[in-house]
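As C-alpha cells, the structure follows; a few thoughts come after it.
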Amino acid sequence: MNDSELLADRFEEHRGRLRAVAYRMLGSLSEADDAVQETWLKLGRTDPDEIRNLGAWLTTVAGRVCLDMLRSRTARREDPLEPSDSFVPDPVVSPLDRIDPEQEVLLADSVGLALLVVLETLEPAERLAFVLHDMFAVPFDDIAPIVGRSSAATRQLASRARRRVKEGAPEPERDVIRQREVLDAFLAASRGGDFEALVAVLDPDVVLRADAGPTAGGVAVSRLVRGAEAVARQALAFARFGAASRLVQVNGEAGVVALVDGRPHSVMGVTVVDGRIVAMHILADPDRLARLDLAGARAGE
C-alpha cells in the first residue's frame, strides 16, 4: 500500500465524525457530504508530514469549510433576515428497531430536528463555536483562528449559542417506546377525527413546522403553526395522509413517513416532553425527499 492509499484509509477512519460535524453545521445531508469531500481535497493539497494530529486537523478544516458554506449561503439569500420559520432541516430516517452504525455516528448526542432548527437561527460563527466546542470538544484556542477572534471572544460566541439552544430546544423524552405511545395516540386521534383527543396529546405551546419547499404556482404551502388547537385543526385537515404511513425513527426520535400511492409524501418527526408533543417537524419538499434514504419506510412497520 502506497502513501496515498494509507492517507485515504486514515481519512476514512474519520469520515463519520467529519460528516457528523458538517451535518450539525449545515442541517443538510447533501451539503454535509460536499463539505467532507472538500475536506478530503484540502488534505490532498497538504503535506501529511506537517499534520501532527490528523483527527484534530480534519475536524477544524471541516469546520472552516462549513463556516464558509454558511456564510456563502447567507450572502446568496435574497432576504437578509432569518431563514424561513417553516424551514425543516434534512431528517435522518431509520427503521424503528435499529439505527445503522453510520447513522449512530451521525446522530450521536441525540441531534434531534428541534435542536437543528435552533442551530439554524444562530450566526455562522456562533454555530461553529457551539458545534465544535460543545459537541466535539474542540478547544477554544483551536476554534478562535477559524472565526478570526480571540479565545475569550470565541468562548462568548459559544456561550450565547448555548443559551439560545437551551431556550429553544427542550430536553426530549429519551424512551423511544414512550415516544411511540404518544405518537400513536396522536395518529389515532387524527384518523378518528377526535379534536379533543388531539389537543390532549399536544402541549399547549406546541409548534408545527411544515416545509414543502419553494412556493408552488406562487402559493406558499409551507407553514408555521403554534398552539395545540391550531395544530389539531391542521392535523385533522391532513388526516387523509395518516391512513397510509409507516412509523420510523427520525433523528433517533419517533416519527412517521406518510405514503401516497406507495411513495413517500412527507416525513414527520415529533419531540415529546412530559408525555406531550411540544414540536412537530414535517418535510414535504419533493426534491429534498427524493434525496433522502427512505428505503426502510417502504419496508413496513
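The values are calculated or read from the model by the stated rules, or taken from the named source; none is laboratory data. If you're wondering where the values come from, they're calculated on a predicted model, not measured in any experiment. Backbone-built Cβ (ideal geometry, glycine too); neighbour counts: all protein chains shown. For the accessible areas, the whole protein counts, side chains as well, though only heavy atoms, and no ligand, DNA or RNA atoms are used. Shrake-Rupley method; radii C 1.70, N 1.55, O 1.52, S 1.80 Å.
A few remarks follow.
- Only one entry in 106, 115 is at pLDDT below 95, in contact with a helix residue (DSSP H, G or I) (Cβ under 7 Å, 6 or more places away or on another chain), under 15 Å from residue 22 (Cα atoms) and open to solvent by less than 20 Å² (accessible area, probe 1.4 Å), namely 106.
- Residue, surrounded by the most Cβ atoms within 10 Å (Cβ to Cβ), within the stretch 276-295, restricted to residues that are of a type in the set (Asp, Glu) and farther than 29 Å from residue 228 by Cβ: 293
- Pair list, Cβ < 9 Å and 6+ apart or interchain, from the stretch 21-41 residues that are part of a helix (DSSP H, G or I) to residues that are among the hydroxyl-bearing types (Ser, Thr, Tyr) and open to solvent by 10 Å² or more (accessible area, probe 1.4 Å): 22/28; 34/28
- Flag if residue 74 is surrounded by fewer than 18 Cβ atoms within 10 Å (Cβ to Cβ), of a type in the set (S, T, N, Q) and modelled with pLDDT of 90 or more: no
Residue-wise test of (1) closer than 30 Å to residue 123 by Cβ; (2) of a type outside the set (Gly, Ala, Ser).
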residue: 152; (1), (2): yes, no
residue: 156; (1), (2): yes, yes
residue: 194; (1), (2): no, yes
residue: 198; (1), (2): no, yes
residue: 208; (1), (2): yes, yes
residue: 237; (1), (2): no, no
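- Members of the stretch 246-265 found to be small (Gly, Ala, Ser), out of contact with any Ser or Thr (no Cβ under 9 Å at 6 or more places or on another chain) and either closer than 16 Å to residue 173 by Cβ or open to solvent by less than 20 Å² (accessible area, probe 1.4 Å) (or both), listed by number: 254, 255
- Index of the failed condition, residue 174 passing every other in (1) within 16 Å of residue 279 (Cβ to Cβ); (2) surrounded by 18 or more Cβ atoms within 10 Å (Cβ to Cβ): (2)
- Which listed residue, of 224, 208, 202, is surrounded by fewer than 19 Cβ atoms within 10 Å (Cβ to Cβ), among the aliphatic types (A, V, I, L, M), touching a strand residue (DSSP E or B) at 6+ places or on another chain (Cβ under 9 Å) and under 22 Å from residue 115 (Cβ atoms): 224
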